[in-house]
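Just so it is clear, none of the values below were taken in a lab; they were calculated from the coordinates. Because the structure is a prediction, the values reported are computed rather than measured. In this analysis, Cβ positions are derived from the backbone assuming ideal geometry, glycine residues included, and neighbour counts consider all displayed protein chains.
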Amino acid sequence: MAITIKNEHEIALMRESGRLLALVHEEMRKELKEGMTTKDIDRICETMIRDFGCIPNFLNYQGFPASVCVSINDEVVHGIPSKKRYIQNGDIVSLDAGLIYKGYHSDAARTHGVGEISPEAQRIIDVTKQSFFEGIKFAKPGNHLVDIARGIQTYAESNGYSVVRDLTGHGIGTKLHEAPEIPNFVQRRRGAKMQKGMALAIEPMINEGTYDVYWLDNDWTVATVDGKLSAHYENTIAITDEGCEILTMLPEEKEALHSEQKEKWFFYKFLLGNGEDLC
């Protein structure tokens, strides 16, 4: 399958698709709490997507029976919502969802802690999210997909975690899954050279223990073989003239992220004691 290059009009449609999905994720984050079922989360997701006049692109995709994947603790991805599965205090819950707006797809995932979670659980959530941002530092024309993978893998492994090998990111556009596949770990092949107009779903899946996973009997849900925690963070991005644009984050999320990165920069500048930039 050839990689499709989107024009400005198509990127604008994907930007709106991404904005709406970001709103859905924000609502799910606010509603997520102890005692609700994973099916409750699915209802919130599907209702909001349809209220926007959009289509939940996960629902019935290759037979998947819900609008959002709800994966808990040692489940890596593709958890199937159920009326019998209750969210508990201390859980970490990965929510992976997408929608179709005027024929164009968006796809994003977030992992949240419920109630009082352990420091170890919070750390894997934070490292997984940051690994995404370490990876997209290299998402720019002229670089190869392996450069993104190296950024993700280096950061995750330097923090003592492993990167899932059996699942990857992907291209996205008028289809949910388009070429190319985007591993989160370094392979011999460099992968495609990035160019303006490519739309990609970058999604680190990071495990507390080994990177080995297995599929549950439902043939959808993927879990860690050692029963240790896993976290997932994903955004749809578009390659621009000089870098990339994240399409599935709200402006306030981007502003908060900018402030957070700025605080980190001043902190490290203080540690260095010489006023030098780290980048």
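Couple of notes before you dig in:
- Prolate/oblate/rounded call for the chain, Cα gyration tensor, a/c under 1.5 rounded: rounded
- Taking a straight Cα-Cα cut-off under 20 Å and skipping sequence neighbours fewer than 8 places away in the same chain, the lysines within cross-link reach of Lys6 are Lys102, Lys140, Lys175, Lys193, Lys196.
- Whichever lysines have a C-alpha closer than 21 Å to that of Lys228, once near sequence neighbours (fewer than 8 apart) are set aside: Lys129
- Applying the Karplus relation 6.51 cos²θ - 1.76 cosθ + 1.60 with θ = phi - 60° to the range 34-50 yields 3J(HN,Hα) values of 4, x, 7, 8, 5, 5, 4, 5, 4, 5, 4, 4, 5, 4, 5, 4, 5 Hz, where x marks Gly and Pro.
- Anisotropy class of the range 98-176 from Cα gyration tensor, a/c 1.5 cut: oblate
- Listed peptides 229-238, 94-103, 248-257 appear in the order 229-238, 94-103, 248-257 once ranked by packing, highest mean of other Cβ atoms within 10 Å at the front.
- Site pair Tyr214 and Lys102 shows an inter-label distance of 4.8 nm when each label is modelled 7 Å from Cα along Cα→Cβ.
- In plain terms, the residue of Met205, Met194, Met36, Met1 with the fewest other Cβ atoms within 10 Å comes first and the most crowded comes last, giving Met1, Met36, Met194, Met205.
- Dipole of the chain [Lys/Arg +1, Asp/Glu -1 at C-beta], most positive-end residue of Val222, Gly142, Ala256: Gly142
- Rounded to whole Hz, the Karplus (6.51, -1.76, 1.60) HN-Hα couplings of the range 76-87, x for glycine and proline: 7, 8, 6, x, 8, x, 9, 5, 9, 9, 9, 6
- Rounded if a/c under 1.5, otherwise prolate or oblate - the range 95-142, Cα gyration tensor axes: oblate
- Computed from phi, the 3J(HN,Hα) profile of the range 88-104 under the Karplus parametrisation 6.51, -1.76, 1.60 (θ = phi - 60°) reads 10, 4, x, 5, 10, 10, 8, 10, 10, 8, x, 8, 10, 10, 6, x, 10 Hz, with x in place of Gly and Pro.
- In a reduced charge model with +1 at each Lys and Arg Cβ and -1 at each Asp and Glu Cβ, the chain shows a dipole moment near 500 debye about its Cα centre.
- Rough spin-label spacing in nm, given labels placed 7 Å along Cα→Cβ, for Lys193 and Thr240: 2.3 nm
- Proximal aspartates and glutamates to Lys33, defined as alpha-carbon separation beneath 13 angstrom and excluding residues fewer than eight positions away on the same chain: Asp91, Glu116
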